[in-house]
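Beneath this line is the structure, given in structure tokens, with notes to follow.
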Amino acid sequence: MRATANRFLSERTIHFAFRMTLWVKGLFALTEIAGGVAAFFVRRQFLVGVASAITQGELAEDPHDLIANFLLHSAEHLSISTQHFTAYYLLSHGLVKLWLIVGLLRERLWYYPTALVVFGLFILYQLYRFDSTHSPWLLLITVVDLVVIALTWHEYRFLGRTLGRPR
């Protein structure tokens, strides 16, 4: 009886973590969509100005600050093709992710394998891009996607058992 109660609490905890991760990922998806739209319209000079304003104080204190230099360098060397890639990637990534998250939150079973495949494809593409860009942001997104994949797989198997479908 106690083992069953502990397993139930464990499953409740995992389910809660899964749902919270989806909500957080949903907020990131909305941010990606907004960022993708903004990336189409923001000029490089504006980004350099913002980056300069943000990093000015930090670089005055420490001219070798890694984060401030990375931010400023990224803004100064942003190409049109990188800007367009960023816009399309953020917009498509955000829209697809939001669509999947809504389906997962509604506990529609067919969304689970779909999400696993799509998130896996995102990871493959992110790793491919990382190989050429070495962007730490791509690594961060990849780690989050790996956590979501693990939780999605667990939730899918759990729902399959609770609905009487062996997985």
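The values are calculated or read from the model by the stated rules, or taken from the named source; none is laboratory data. Nothing here was measured: the structure is a model prediction, and the numbers come from that model. Counting neighbours? That spans all protein chains shown, and the Cβs are built from the backbone with ideal geometry, glycine included.
Values as computed for the structure displayed
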| item | result |
| --- | --- |
| Some residue of the range 104-111 being within 21 Å of the chain's Cα centre (by Cα), modelled with pLDDT under 90 and part of a loop (DSSP other than H, G, I, E, B) | yes |
| Subset of the range 112-144 [modelled with pLDDT of 90 or more, within 21 Å of Trp23 (Cβ to Cβ) and aromatic (Phe, Trp, Tyr)] | Tyr112, Phe119 |
| Out of Thr31, Thr86, sole residue that is closer than 25 Å to His134 by Cα, of a type outside the set (A, V, I, L, M, F, W, C) and modelled with pLDDT of 90 or more | Thr31 |
| First in the range 97-125 and at positive phi, second anywhere and part of a helix (DSSP H, G or I), Cβ under 7 Å, 6 or more apart | Glu107/Leu159 |
| Residue list for the range 34-73, filter: over 18 Å from Ser135 (Cβ atoms) and basic (Lys, Arg) | Arg43 |
| Where a residue in the range 78-94 is assigned to a helix (DSSP H, G or I) and its partner, wherever it lies, is hydroxyl-bearing (Ser, Thr, Tyr), with Cβ under 6 Å and at least six apart | none |
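Residues are listed down the side, and each one gets a yes or a no for (1) closer than 16 Å to Trp137 by Cα; (2) in contact with a Pro (Cβ under 6 Å, 6 or more places away or on another chain); (3) hydrophobic (A, V, I, L, M, F, W, C); (4) loosely packed, with under 10 Cβ neighbours inside 10 Å:
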site	(1), (2), (3), (4)
Ser10	no, no, no, no
Thr13	no, no, no, no
Thr55	no, no, no, no
Pro63	no, no, no, yes
Ile80	no, no, yes, yes
Ala87	yes, no, yes, no
